[in-house]
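Single-structure report; data block below.
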Amino acid sequence: MPLSRRAILAGSGVAASSLALGAPQASAAPVSDAAARPFDPHDWRSVRAQFLLDPSYAHLSNFFFASMPAPVREALARYRRGFDENPYNFLDDNMFGREEDMIWRDVCAAAAEYVGGRPEEIALTSSTTMGLALIYNGLTLRPGQEILTTTHEFYPHHESIRLAALRSGGSTRKIPLYESSFRYRPEEAVARIRAAIRPHTRVLGVTWVHSGTGVRLPIRQIADVVRDVNRQRDDADRLLLVVDGVHGFGAVDEEVAAMGCDFFAAGTHKWILGPHGTGLVWAKPENWALLTPTIPSIMTKEPQDAWRQNRPPNGPTQASWISPGGFFAYEHQWAVIEAFRFIQRIGRRRIHDRIAELNGALKQGLARMPHVTLHTPVRSEHSAGFVCFDVQGHTPKEVVRILRERRVVASGTPYAVSHARLSAGIVNFPHEIEKTLAIINGLK
Ligand SMILES: Cc1ncc(COP(=O)(O)O)c(C=O)c1O
């Protein structure tokens, strides 16, 4: 008997209780009581109890690759079980049967609710990297047009731009938005962008929260600059704002669809706490129409019907045409629904405030240490969930190693100039911040 989509989404499709899921580690001292009680989204101990994170570590690098909360693990296991029990029927019923039974549509609906947009504005990807590549590779630049970006982008953004320019013959230019990240001023960053835009600049690519410094850009103000520029342009030459949004998405209290960018790419396997290998791109229909798909999609009928009828697809490109086929790890993609539900239950504002509070405490503590150079701006409006710093007499790698030996998970930024990096999230507590600061203080 096929598992109905409603039953699967509600969690009753298979005997979830038999899967022994979600049992938090008994030794998690501050959360073990909370684990025994029903989930209370207003209690941070109860939030932490939803994760299987090893309680013997302070996990201050969770931004990297999410540990999934219990409801996401449970959904993932339900879907996996459905695939293991009857892979053909399970996929056919939930992906290729009736339009209204396609679970990916529920993923888009959950994502749309979170971004404040519409389901048909969401393409589902496997990562931020894939989203950026699909955007830049899909855009057509005319000869002489350029992509303007910054020196602060991470590898997948710079590389997507470089590869797109290689293919289309366009040019690229990188500008710094600040000299000192610690003294970063958003007005100056916006002014630098305004001054750098030229008549032939077709695309502006920026990152919301810089993973090399912790700086957060004011996307709304940058979008205002783009809007001003576009007042003087024909629609066909519109300047397009592309945002690598991964480290603001799930960390900052913003409705992405209201920020004013044209394309927004993010993974959902970092701050959104979804399964690994998941992500999305958000854009309005008129912007999707500008893209040529890179990877054949199997999420929507028109491109496949067109193939069967030996004709080009009819109509403008839509988000679903950009969502790549072939078969995905659908159990991962579909369980993203539960990740959005989980963070929505806690509340975007509360998550933002908690991240600002914990990372703020890290920054204040580090700023007081004479042997530490803090690179992330102290003000919470100018940063998000990263704290980048250097310790005199130690390389970033050494700092990360020493912290790890003392059971604090830090990271080194993987840029040309590397710093040590901490990142507190909703799974952390003030005592972990104090412990980390004490270790770094001891490195004098
Ligand atoms: C700014 C930035 N963009 C993109 C990525 C890559 O994200 P993904 O693994 O989702 O492709 C990272 C990785 O942390 C990043 O820091």
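Just so you know, all these numbers are worked out from the coordinates, no wet-lab data involved. Remember, predicted model here, so these are calculated numbers, not experimental data. Positions of Cβ are generated from backbone atoms using ideal geometry, with glycine treated the same way; all protein chains shown enter the neighbour counts.
Counting DSSP beta bridges in the range 103-344, what percent are antiparallel, to the nearest 5?
The antiparallel fraction comes to roughly 35 percent.
How would you rank LYS397, LYS363, going from fewest to most other Cβ atoms within 10 Å of each one's own Cβ? Don't jump to the answer; show the numbers that get you there.
On the way: LYS397 11, LYS363 24.
Result, fewest neighbours first: LYS397, LYS363.
Only residues of the range 371-389 count here: report those whose backbone N is under 14 Å from the spot 7 Å along Cα→Cβ of ASP353, or say none.
Answer for the range 371-389: none.
Please name which of PHE340, PHE327, GLY315 has its Cα lying farthest along the dipole of the range 103-344 towards the positive end, using unit charges on Cβ (Lys, Arg +1; Asp, Glu -1) and the Cα centre as origin.
GLY315
By how many nm would the segment from ARG407 to ASP92 lengthen if fully extended, with 0.36 nm per residue of separation less the alpha-carbon distance?
Here the segment from ARG407 to ASP92 would lengthen by 108.8 nm.
Considering only DSSP beta bridges where both residues belong to the chain, give the percentage that are antiparallel (nearest 5).
Rounded to the nearest five, the antiparallel share is 50 percent.
Bin width 10 Å, origin at 0, all Cα-Cα pairs of the range 103-344: what percent of pairs per bin?
For the range 103-344, the binned pair fractions read 8, 33, 36, 19, 4, 0 percent.
Only Cα pairs under 8 Å and at least 6 apart count here; give the relative contact order of the range 290-444 as a rounded whole percent.
That works out to 17 percent.
About the Cα centre of the chain, how large is the charge dipole given +1 on each Lys and Arg Cβ and -1 on each Asp and Glu Cβ? Please answer in debye to the nearest 20.
In total the dipole reaches around 960 debye.
What length, rounded to one decimal in nm, is gained on full extension from GLN344 through to ASP234, with 0.36 nm per residue of separation minus their alpha-carbon distance?
Between GLN344 and ASP234, full extension yields 35.6 nm more.
How large is the translational diffusion coefficient of the chain in µm² per second when you combine the Kirkwood radius over alpha carbon pairs with Stokes-Einstein at 10 °C and 1.306 mPa s?
Numbers: Rh = 22.9 Å.
Stokes-Einstein gives a translational diffusion coefficient of 69 µm²/s.
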